[in-house]
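**Student:** Below you'll find the structure I mean.
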Amino acid sequence: MAIVRFDPFRELSLMQDRMNRMFGDFYGRRLDDDVMSRGDWVPAVDIYENDKHEIVIRAEMPGMKREDIELRVENNTLTLRGERKREAEVSDEQYHRVERAYGGFVRSFSLPSTVDAGHVSAEYKDGVLSVTLPLREEAKPRQIPVEIK
């Protein structure tokens with residue numbers, strides 16, 4: 001028989017995990033960083049700053065067509081909107097299991113005031129949308145020479 005150390009909060013932690021799983025599908029994913037989130041599904045995103053001092057947002061949108069994606073920058077907010085549609089040649093009665101999410105989505109992200117909204121670019125390749133948001137020149141770090149007198 002193994003000796004198990006008593007942990008008074010173990011049962012509470014297990015119960016919280018069970019409750020989170022039970023209500024997880026009902027309330028959907030937490031998207032605290034978004035200004036607005038709604039829709040049947042939301043594409044997962046990575047946001048990072050590269051070596052060129054640009055903010056890059058990469059969104060996974062497999063199976064979508066370019067025509068089904070809308071991207072807009074307005075009032076320091078980047079809005080990504082789209083719809084992933086089911087395949088028309090397969091009827092609902094023919095499905096045995098549907099695990100992939102379909103439908104419309106909207107994701108909006110607040111942008112820092114240092115982003116140059118006039119030079120935003122986007123590329124869609126292999127189901128991943130990459131949005132590049134360059135920073136303004138005055139926001140980029142610069143080297144200041146020190147004079148010796």
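The values are calculated or read from the model by the stated rules, or taken from the named source; none is laboratory data. Owing to the predicted nature of the structure, the values given are computational and were not obtained by experimental measurement. Note: ideal-geometry Cβ built from the backbone for every residue, glycine included; neighbour counts use all protein chains shown.
**Student:** Find all pairs meeting these conditions: Cβ atoms under 8 angstrom apart; at least six residues apart or on different chains; first residue within region 35-55 and modelled with pLDDT of 80 or more and surrounded by 16 or more Cβ atoms within 10 Å (Cβ to Cβ); second residue assigned to a loop (DSSP other than H, G, I, E, B) and not aliphatic (A, V, I, L, M).
**Tutor:** 42/28; 42/29; 55/112
**Student:** Moving on to the next point. Collect the residues in region 7-34 that are in a loop (DSSP other than H, G, I, E, B), among the charged types (D, E, K, R) and modelled with pLDDT of 70 or more, keeping them in residue-number order.
**Tutor:** Our first condition is that a residue be in a loop (DSSP other than H, G, I, E, B); within region 7-34, this holds for 7-9, 28-34.
Within this subset, residues satisfying the condition of being among the charged types (D, E, K, R) are 7, 29-30, 32-34.
Across region 7-34, the qualifying residue is only 7.
**Student:** Of all residues in region 108-145, which are of a type in the set (Val, Ile, Thr), assigned to a strand (DSSP E or B) and over 19 Å from residue 68 (Cα atoms)?
**Tutor:** Looking only at region 108-145, we keep the residues that are of a type in the set (Val, Ile, Thr), and these are 114-115, 120, 128, 131-132, 144.
Next, from what is left, pick out any that are assigned to a strand (DSSP E or B): 115, 128, 131-132.
Within region 108-145, 115, 132 qualify.
**Student:** Looking at region 62-85 only, could you name the residues that are free of Cβ contacts under 8 Å to residues at least 12 places away in the same chain and part of a loop (DSSP other than H, G, I, E, B)? Spell out the reasoning first.
**Tutor:** Step one: filter region 62-85 for residues free of Cβ contacts under 8 Å to residues at least 12 places away in the same chain, giving 65, 67, 72, 74-75.
Correct list: 65, 75.
**Student:** Does residue 81 satisfy being at pLDDT below 75 and of a type in the set (Lys, Arg)?
**Tutor:** Details: at pLDDT below 75: no; of a type in the set (Lys, Arg): yes.
No; evaluated as a whole, the condition is false for this residue.
**Student:** Give the residue, chosen from 59, 88, that is surrounded by 11 or more Cβ atoms within 10 Å (Cβ to Cβ) and either touching a Lys or Arg at 6+ places or on another chain (Cβ under 9 Å) or part of a loop (DSSP other than H, G, I, E, B) (or both).
**Tutor:** Working: 88 fails: surrounded by 11 or more Cβ atoms within 10 Å (Cβ to Cβ).
Going through 59, 88 in turn, just one is surrounded by 11 or more Cβ atoms within 10 Å (Cβ to Cβ) and either touching a Lys or Arg at 6+ places or on another chain (Cβ under 9 Å) or part of a loop (DSSP other than H, G, I, E, B) (or both): 59.
**Student:** Within region 124-144, identify whether any single residue is loosely packed, with under 10 Cβ neighbours inside 10 Å and closer than 30 Å to residue 84 by Cβ, and answer yes or no.
**Tutor:** yes
**Student:** Looking only at region 85-121, which residues are within 17 Å of residue 62 (Cβ to Cβ) and touching a strand residue (DSSP E or B) at 6+ places or on another chain (Cβ under 7 Å)?
**Tutor:** Matches in region 85-121: 102, 103, 104, 105, 107.
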